[in-house]
Amino acid sequence: MSAISFYRQARRDGGIRTGISIDTDTVLHCYDNGGDDSDPALVWFVDVRCEGRRLPDEPALAREWFLSHAQPIKVGLRACAEELRAGIDIGSWPIERPISGPRAVRTRVVCSAVRRLEALDIARILQDVADHWEERIKALREAILETA
């Protein structure tokens, strides 16, 4: 079984990373720098995780897959945002909710926040991911994979 994921995550230094991974490798990404003081600790993240037998195994195909399934994914993100309008409790396990999507693919939203302000704002963050789904996926660039 293969896996693809879309992720958007905020760092303590204000940086925001968005990307797509295939299995465990980031293949497409974008990083918006937060500031001069580097602190890679995450303050929140939103993932759309997909597992199934016929998922793409190339970056361009993964991008197309996420774009072609935008409607059910955005519906799932917005439903999760509605459910979490009051926020989430910090320190709890990540919230995980299923998304109705293509048959034979397990699709779910996974999100978390570690600081109180971001935890209270998680619904807005989820809504923002849904509102800018296509434009952010189209803006992703190929990741340069480092080999040891």
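Hey, could you check region 22-47 for residues that are closer than 25 Å to Ala119 by Cβ and aliphatic (A, V, I, L, M) and say which is surrounded by the fewest Cβ atoms within 10 Å (Cβ to Cβ)? My answer is Ala41.
Once region 72-122 is narrowed to residues that are buried (at least 18 other Cβ atoms within 10 Å of the Cβ) and in contact with a Ser or Thr (Cβ under 6 Å, 6 or more places away or on another chain), the residue that is modelled with the highest pLDDT is Ile99. Within region 13-24, the set of residues being part of a strand (DSSP E or B) and without any contact (Cβ under 8 Å) to a residue 24 or more places away in the chain comprises Ile16, Arg17, Ser21. Here Arg49 passes the criteria (1) farther than 21 Å from Ala3 by Cβ; (2) out of contact with any Leu (no Cβ under 8 Å at 6 or more places or on another chain); (3) basic (Lys, Arg) except the one numbered (1).
In region 99-147, which residues are assigned to a loop (DSSP other than H, G, I, E, B) and of a type outside the set (Val, Ile, Thr)? I'd like the intermediate steps shown before the answer.
Let us first name the residues in region 99-147 that are assigned to a loop (DSSP other than H, G, I, E, B), namely 100-104, 114-115, 121, 132, 140, 143-147.
Of everything in region 99-147, those that are assigned to a loop (DSSP other than H, G, I, E, B) and of a type outside the set (Val, Ile, Thr) turn out to be Ser100, Gly101, Pro102, Arg103, Ala104, Arg115, Asp121, His132, Leu140, Ala143, Leu145, Glu146.
Restricting attention to region 46-78, the residues that are over 14 Å from the mean Cα position of the chain (by Cα) and more than 15 Å from Trp133 (Cα to Cα) total 11.
Please go through region 22-52 and give me each residue that is touching a strand residue (DSSP E or B) at 6+ places or on another chain (Cβ under 7 Å) and more than 24 Å from Arg124 (Cα to Cα), ordered by number. Passing the criteria: Ile22, Asp23, Thr26, Val27, Leu28, Glu51, Gly52.
Determine which member of the set Ala81, Ala62, Ala10 is in contact (Cβ under 8 Å) with a residue 12 or more places away in the chain, in a helix (DSSP H, G or I) and more than 19 Å from Val105 (Cβ to Cβ).
Working: Ala62 fails: more than 19 Å from Val105 (Cβ to Cβ); Ala10 fails: in a helix (DSSP H, G or I).
That would be Ala81, the only listed residue that is in contact (Cβ under 8 Å) with a residue 12 or more places away in the chain, in a helix (DSSP H, G or I) and more than 19 Å from Val105 (Cβ to Cβ).
Please verify whether region 14-21 includes one or more residues that are surrounded by fewer than 14 Cβ atoms within 10 Å (Cβ to Cβ) and of a type in the set (S, T, N, Q). Checked region 14-21: no residue is surrounded by fewer than 14 Cβ atoms within 10 Å (Cβ to Cβ) and of a type in the set (S, T, N, Q). Considering each residue of region 25-33 in turn, at least one proves to be of a type outside the set (Val, Ile, Thr), without any contact (Cβ under 8 Å) to a residue 24 or more places away in the chain and part of a loop (DSSP other than H, G, I, E, B).
Can you confirm whether Gly19 is at pLDDT 95 or above, small (Gly, Ala, Ser) and in contact with a Gly (Cβ under 8 Å, 6 or more places away or on another chain)?
Working: at pLDDT 95 or above: yes; small (Gly, Ala, Ser): yes; in contact with a Gly (Cβ under 8 Å, 6 or more places away or on another chain): no.
So Gly19 does not fit the description; no.
If you go through region 4-58 and keep only what is in contact with a helix residue (DSSP H, G or I) (Cβ under 8 Å, 6 or more places away or on another chain) and either within 22 Å of Gly87 (Cβ to Cβ) or among the hydroxyl-bearing types (Ser, Thr, Tyr) (or both), you end up with Arg8, Ala10, Thr18, Val43, Trp44, Val46, Val48.
The values are calculated or read from the model by the stated rules, or taken from the named source; none is laboratory data. Quantities reported herein were computed from a predicted structural model and do not represent experimental measurements. Backbone-built Cβ (ideal geometry, glycine too); neighbour counts: all protein chains shown.
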